[in-house]
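One structure below.
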Amino acid sequence: MPQLDRIIILSQIFWLVLIFSIFYASLTHYFLPKFLKSLKIRKQIIDLNAKEIVERTEKTLNKQTLLRKILVKNLEITSNLLVHYFSQLIKNKKKVDTLIIDQKIGFVILNTVKFCDLKLLNSVPIYPKSMRFKD
């Protein structure tokens with residue numbers, strides 16, 4: 001068989017090794033550094049984006065906690081004012097129609113339920129109408 005002849009096989013092996021060596025050298029010398037550089041740049045971009053995401057998340061969480069503290073503080077002030085106002089009504093024993101006040105408080109509670117956190121809502125004590133003070 002002519003494809004198994006020793007003379008032909010030696011020249012084929014020589015050219016195979018020579019072409020493979022030139023191809024391998026050109027790939028490792030020219031293309032591999034460019035490929036590794038692009039991978040390194042991509043990794044740096046991903047790391048920078050991850051750091052920026054973490055920083056923005058921390059800023060957002062800090063702002064949210066500050067806002068919650070302010071809301072809880074203002075809700076406590078409002079609660080104290082309402083308690084003080086109703087205690088003054090009880091002390092003076094005046095007959096005052098509290099229907100308008102009940103409607104406004106109900107509207108505030110409705111908006112709080114819709115738009116606020118449950119923890120904020122739980123920080124405001126609410127009593128049913130059956131517990132309303134009577135003369």
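A compact table of results
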read-out	value
Boolean, residue 13 is among the β-branched types (Val, Ile, Thr), at pLDDT 95 or above and assigned to a helix (DSSP H, G or I)	no
Cβ-Cβ under 8 Å pairs, at least 6 apart or on other chains, segment 49-78 side assigned to a helix (DSSP H, G or I), far side of a type in the set (A, V, I, L, M, F, W, C) and surrounded by 10 or more Cβ atoms within 10 Å (Cβ to Cβ)	68/120; 71/116; 71/120; 72/120; 75/120; 75/124; 78/124
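The values are calculated or read from the model by the stated rules, or taken from the named source; none is laboratory data. Because the structure is a prediction, the values reported are computed rather than measured. Virtual Cβ from ideal backbone geometry, glycine too; neighbours counted across all protein chains shown.
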